[in-house]
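Student: Below you'll find the structure I mean.
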């Protein structure tokens, strides 16, 4: 177990190491090692060794605070807090190395914050992002993020809106850490399939792409060809706020459908 962890740390990305680290710690926490039940004392002794490997990994990754924090997250999610003393200075280092840009000051953001304060069941707005390390990681992998999106994250780390009168999503923007790339596009929110029993409408996904030097919002829908519109995140938020007040499912499918926004 210990040698496998050491080898993984040496040869694999930090995400692979963190997953293996968490898996071993979760098992040891319930008195198992490599799928076998072991005595509590033996499990505790092995856990101490595994935590030692994690501590060495954090020290090795000190110049990459985001990766070091991924190791800490794996340890904490497995139910161990032995390395939590390292978290504050690593978070500070990450924020200093990857500071967010000036925050967007759109009036829609103020409206969203007021809604979240008064109606948390309908609107959730994340705190301003303290760092944009996720953007640097995507850029290193060949995917740039538009400055407008980073400015939005600097104001609020995520947005999730639910319609007042219809059991459906009005719109959302996922946290920066949850962004992923599919077919060359950055996914802002993915499709939500219709649930036959609940009669929820199918929610198309929306992504961001760059072509010919222009950023585009892309409507993804299995039932129709993809549609593009020049990037306008402020307009997207404004339309999502309008969708919140849809009086019926019919209006959500017609004048307040995402196709209408892209038309």
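The values are calculated or read from the model by the stated rules, or taken from the named source; none is laboratory data. As the structure is a computational prediction, the values presented were derived from the model and not from experiment. So basically every Cβ, Gly included, is an ideal-geometry build from the backbone, and we count neighbours across all protein chains shown.
Student: Which ones in region 175-208 are surrounded by fewer than 18 Cβ atoms within 10 Å (Cβ to Cβ) and either at pLDDT 95 or above or closer than 17 Å to residue 143 by Cβ (or both)?
Tutor: Listed by number, the residues that qualify are 175, 177, 178, 180, 181, 182, 183, 184, 190.
Student: Residue 246 versus (1) assigned to a loop (DSSP other than H, G, I, E, B); (2) modelled with pLDDT of 90 or more; (3) within 24 Å of the chain's Cα centre (by Cα): which is the lone unmet condition?
Tutor: (3)
Student: If you don't mind, another one. Kindly indicate whether residue 150 is farther than 28 Å from residue 253 by Cα, touching a helix residue (DSSP H, G or I) at 6+ places or on another chain (Cβ under 9 Å) and modelled with pLDDT of 90 or more.
Tutor: Criteria met by residue 150.
Student: Take region 10-19 and flag every residue that is more than 16 Å from residue 79 (Cβ to Cβ) and part of a helix (DSSP H, G or I).
Tutor: 10, 11, 14, 15, 16, 17
Student: Does residue 53 meet the test of being assigned to a helix (DSSP H, G or I), crowded, with 20+ Cβ neighbours inside 10 Å and without any contact (Cβ under 8 Å) to a residue 60 or more places away in the chain?
Tutor: Criteria met by residue 53.
Student: Taking residue 256 and the conditions (1) over 20 Å from residue 168 (Cβ atoms); (2) buried (at least 19 other Cβ atoms within 10 Å of the Cβ), which numbered condition does it fall short on, given that it satisfies the others?
Tutor: Against the list (1) over 20 Å from residue 168 (Cβ atoms); (2) buried (at least 19 other Cβ atoms within 10 Å of the Cβ), residue 256 comes up short only on (1).
Student: Checking residue 128 against (1) crowded, with 17+ Cβ neighbours inside 10 Å; (2) at pLDDT 95 or above; (3) under 18 Å from the mean Cα position of the chain (by Cα), which single condition isn't satisfied?
Tutor: Status for residue 128: all satisfied but (1).
Student: Let me ask you something else. Being touching a strand residue (DSSP E or B) at 6+ places or on another chain (Cβ under 9 Å), assigned by TED's automatic domain parsing to the domain that holds residue 248 and within 22 Å of residue 248 (Cβ to Cβ): is that true of residue 141 here?
Tutor: No.
Student: Same structure, new question: Is one or more of the residues making up region 219-237 in a strand (DSSP E or B), within 22 Å of the chain's Cα centre (by Cα), buried (at least 19 other Cβ atoms within 10 Å of the Cβ) and assigned by TED's automatic domain parsing to the domain that holds residue 111?
Tutor: yes
Student: Continuing with this model, one more query. Looking at region 28-43, which of the residues that are without any contact (Cβ under 8 Å) to a residue 12 or more places away in the chain and outside any loop (DSSP other than H, G, I, E, B) is nearest to the chain's Cα centre (by Cα)?
Tutor: Among residues in region 28-43 that are without any contact (Cβ under 8 Å) to a residue 12 or more places away in the chain and outside any loop (DSSP other than H, G, I, E, B), the one nearest to the chain's Cα centre (by Cα) is 32.
Student: List, please: which pairs have Cβ atoms under 6 Å, are six or more places apart or on different chains, and start with a residue in region 241-255 that is in the same structural domain as residue 112 (by TED's automatic domain parsing) and in contact (Cβ under 8 Å) with a residue 60 or more places away in the chain and end with one that is surrounded by fewer than 16 Cβ atoms within 10 Å (Cβ to Cβ) and part of a loop (DSSP other than H, G, I, E, B)?
Tutor: Going by the 6 Å Cβ cut-off, the qualifying pairs are 244/164.
Student: I would also like to ask the following. Which ones in region 71-97 are closer than 18 Å to residue 17 by Cβ and in a loop (DSSP other than H, G, I, E, B)?
Tutor: Scanning region 71-97 gives 78, 80, 82, 83.
Student: Residues that are touching a residue at least 60 places away in the same chain (Cβ under 8 Å) and under 22 Å from residue 217 (Cα atoms), at least 3 per element: which strands (runs of 3 or more DSSP E) completely within region 98-199 meet that?
Tutor: Qualifying strands (runs of 3 or more DSSP E): 159-162, 169-173.
Student: Tell me, which residue of region 81-104 that is touching a helix residue (DSSP H, G or I) at 6+ places or on another chain (Cβ under 6 Å) and farther than 20 Å from residue 134 by Cα is surrounded by the fewest Cβ atoms within 10 Å (Cβ to Cβ)?
Tutor: Here the answer is 82.
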